[in-house]
Amino acid sequence: MGKTIIEVKKADLTLGSAAAAVHVLKGIDLEIDRGEAVGIVGPSGSGKSTLLMVLAGLERLDRGEIFINGAALHDLNEDALADFRGRNIGIVFQSFHLIANMTALENVAVPLELANVSNAFEIARRELQAVGLGERLHHYPGQLSGGEQQRVAIARALAPSPALLIADEPTGNLDTETGRQIADLLFAEQAERAMTLLLVTHDPLLAARCSRQVKVMSGTIVEDRLYSERHDERLPA
């Protein structure tokens with residue numbers, strides 16, 4: 001298996017139509033290697049979250065090509081794309097997106113069951129224990145704090161053992177200390193599982209923990225910086 005897990009070629013996307021059309025991505029080229037932790041940064045409206053959604057297979061390009069883990073996403077139909085995403089890509093959103101009338105255990109297990117994983121609840125229990133929620137398996141989202149809900153969302157994203165973990169402002173709805181704990185969890189799981197992590201964030205401290213930063217402005221990549229593996233050296237005292 002090759003070193004590159006993501007390859008984007010001339011990615012172009014316009015959202016909306018007529019007078020409301022916005023050219024969001026403008027011929028983006030990007031390559032990411034397996035096991036990298038990449039922070040995608042830039043001002044609001046720059047296109048960074050849209051780029052993440054394209055990489056997650058949740059938005060279709062108008063033009064260009066995108067290859068993830070050897071698959072040409074631009075050539076897949078919706079069913080094949082959904083199947084590929086379920087097996088290869090874990091996604092963590094800012095707003096958790098948990099199902100209110102399901103317990104933490106069910107929120108993690110049900111997507112696995114829908115993917116015909118036979119031991120879905122066993123895997124879900126293990127993943128929730130891994131993120132520190134072994135005592136909260138049967139609590140509903142409304143009974144959990146924001147940080148606990150995000151831990152459930154992370155467990156759900158990790159449960160299929162994806163090659164790629166995508167996180168869009170994962171600490172954006174959390175206070176500073178809880179956000180730090182969630183960031184610690186994400187980077188610990190990424191390192192332990194040797195996954196590729198793509199992280200969109202407005203937080204410079206969170207972005208600085210990545211080994212690489214890609215800056216997006218006005219739909220184009222304007223900076224791509226690779227840091228040493230000792231990211232702790234780049235953090236302020």
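The values are calculated or read from the model by the stated rules, or taken from the named source; none is laboratory data. Quick caveat: nothing in here was measured; it's all calculated off a predicted structure. All accessible areas refer to the heavy atoms of the entire protein, side chains included, with ligands and DNA or RNA removed. Shrake-Rupley method; radii C 1.70, N 1.55, O 1.52, S 1.80 Å.
Tell me the volume per residue, in Å³, of the convex hull enclosing the alpha carbons of the range 169-210. Intermediate values should be presented prior to the final figure.
Values: hull volume 2.5 nm³, N = 42.
Cα convex hull per residue, to the nearest whole number: 59 Å³.
Convert each backbone phi in the range 154-162 into a coupling constant with the Karplus relation 6.51 cos²θ - 1.76 cosθ + 1.60 (shift: θ = phi - 60°), then list the ³J(HN,Hα) values in order as whole Hz, x for Gly and Pro.
5, 4, 4, 5, 7, 4, x, 6, x
Could you work out what % of the accessible surface of the chain is carbon and sulfur, using a 1.4 angstrom probe and leaving DNA, RNA and ligands out of the count? Please report the intermediate quantities before stating the final value.
Numbers: 5630 of 11430 Å².
That fraction is 49 percent.
Compute, for H139, the solvent-accessible surface of its heavy atoms (probe 1.4 Å) with the complete set of protein chains present, and express it in square angstrom to the nearest 10.
Around 50 Å² of this residue is reachable by solvent.
Rolling a 1.4 angstrom probe over the protein heavy atoms, how many square angstrom per residue are accessible across the range 1-141? Numbers along the way, then the final one.
Details: 7010 Å² over 141 residues.
It amounts to 50 Å² per residue over the range 1-141.
With axes computed from alpha carbons, what is the tilt in degrees of helix 120-130 against the longest principal axis of the chain, rounded to the nearest 10 within 0 to 90?
The helix 120-130 is inclined about 90 degrees to the chain.
If amide H atoms are built 1.01 Å from N in the plane of the peptide, which residues on other chains or at least 5 residues away come under 5 Å of the amide H of G90?
L164, L165, I166
Would you pull out the residues with amide H under 5 Å of I5's amide H, same chain only if 5 or more places away, H placed 1.01 Å from N?
I32, D33, R34
Looking only at Cα atoms, what is the convex hull volume of the range 1-102 per residue, in Å³?
Working: hull volume 15.3 nm³, N = 102.
So the per-residue hull volume is 150 Å³.
Tell me the accessible surface of Y140 in square angstrom (1.4 angstrom probe, heavy atoms of protein chains only), to the nearest ten.
In the full protein context, Y140 sits at about 100 Å².
With n ≥ 4 as the cut-off for DSSP H runs, can you work out [θ] at 222 nm for the chain, using -39500 (n - 2.57) per run divided by the number of residues, rounded to the nearest 500? The partial results should precede the final answer.
Details: 7 runs with 77 residues, N = 237.
After summing the helix terms and dividing by the residues of the chain, the value is -10000 deg cm²/dmol.
Which whole-angstrom value gives the distance between the alpha carbon centres of the range 161-217 and the range 128-145?
Rounded to whole Å, the Cα centres lie 21 Å apart.
Under the rule of at least 5 residues apart or a separate chain, name every residue whose amide H is placed under 5 Å from the amide H of H139.
Amide H to amide H, under 5 Å and 5 or more residues apart or across chains, H139 pairs with A104, L105.
Mind listing the phi-derived Karplus ³J(HN,Hα) values for the range 56-69, rounded to whole Hz, using 6.51, -1.76 and 1.60 with θ = phi - 60°, and x for any glycine or proline?
Ordered by residue, 3J(HN,Hα) equals 7, x, 9, 10, 9, 6, 6, 9, x, 10, 9, 10, 10, 6 Hz.
Applying the Karplus parametrisation 6.51 cos²θ - 1.76 cosθ + 1.60 with θ = phi - 60° to the phi angles of the range 193-202, what ³J(HN,Hα) value in whole Hz is obtained for each residue in order, glycine and proline being reported as x?
Residue by residue, the range 193-202 yields 9, 6, 7, 8, 10, 10, 10, 8, 7, 8 Hz.
Against the globular-protein guess of 2.2 N^0.38 Å, express the Cα radius of gyration of the chain as a ratio, rounded to two decimals. Walk me through the intermediate numbers first.
Numbers: Rg = 17.6 Å, N = 237, 2.2 N^0.38 = 17.6 Å.
Ratio of Cα Rg to 2.2 N^0.38 Å: 1.00.
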